[in-house]
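Data block below; observations after.
Since every read-out is calculated from the coordinates, none of them should be taken as a lab result. Predicted model, so just to flag it, every value in this text is computed and none were measured. Using ideal geometry, Cβ is built from the backbone for each residue, glycine included, and neighbour counts are taken over all protein chains shown.
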Amino acid sequence: MDALRAREQLRRRYLFSLDAEASRDGRDYAGPGASAAAEKKQRPLPRLNIHSGFWILASIIVTYYVDFFKTVKENFHTSSWFLLGGALLLLSLSVALYCILYLEWCRGIADYDAKYPALIPVTTAAFIVAGLCFNIALWPVWSFFTPLLLFTQFMGVVMLISLLG
């Protein structure tokens, strides 16, 4: 079996287009889907799509129906887990802002994770432990719904931030 025939059989088996195979080989192939792919690259994706809209709306609904801010305000001083989670969240946000604002914008270091390799794991670990602390602190209030509610809040905030940038 020669190489071209084997490649054609693989392409048919896995439904690869000739465009994808040509870009992998480095050859210029202008097949029927080439103009559609080029047009798709030129159009920017919309920032607000169904996925992000769903998470933002779900976060707003959860905030409203569980009285999220009132509950957090009432339980702020009752648990040291909440204070530890807040401190770790502040640490992770501070490191993230340091990376984005200072290193990338002011110093012009675009590849800061290669120059300072410890920043990303420290930020990730601090954020995960902060999430666990918030779950422990708010568990007496919402019981087994706590991880679901906090995850919904997290996803809503992430999708809202993605709309801004």
Quiz item: Semi-axes of the equivalent ellipsoid of region 36-105: what are they in whole Å, largest first, if each equals the square root of 5 times a C-alpha gyration tensor eigenvalue?
Solution: 35, 23, 7
Self-check item: Virtual spin-label span in nm between ASP2 and LEU97, 7 Å along Cα→Cβ
Solution: 6.5
Quiz prompt | Label-to-label distance, nm, for residues given as HIS77 and PHE151 (7 Å Cα→Cβ offset) | solution = 3.4
Self-check item: Packing-based order for 92-100, 126-134, using average beta carbon neighbours within 10 Å, highest first
Solution: 126-134, 92-100
Quiz item: If each of ILE120 and ASN49 carries a label point 7 Å out from its Cα toward its Cβ, how far apart are those two points in nm?
Solution: 2.2
Quiz item: Where does each of 44-55, 112-123, 75-86 land if you order them by average Cβ count within 10 Å, highest first?
Solution: 75-86, 112-123, 44-55
Self-check item: Estimated FRET transfer efficiency when R0 is 25 angstrom, pair SER143-LEU90 (beta carbons, to 0.05)
Solution: 0.40
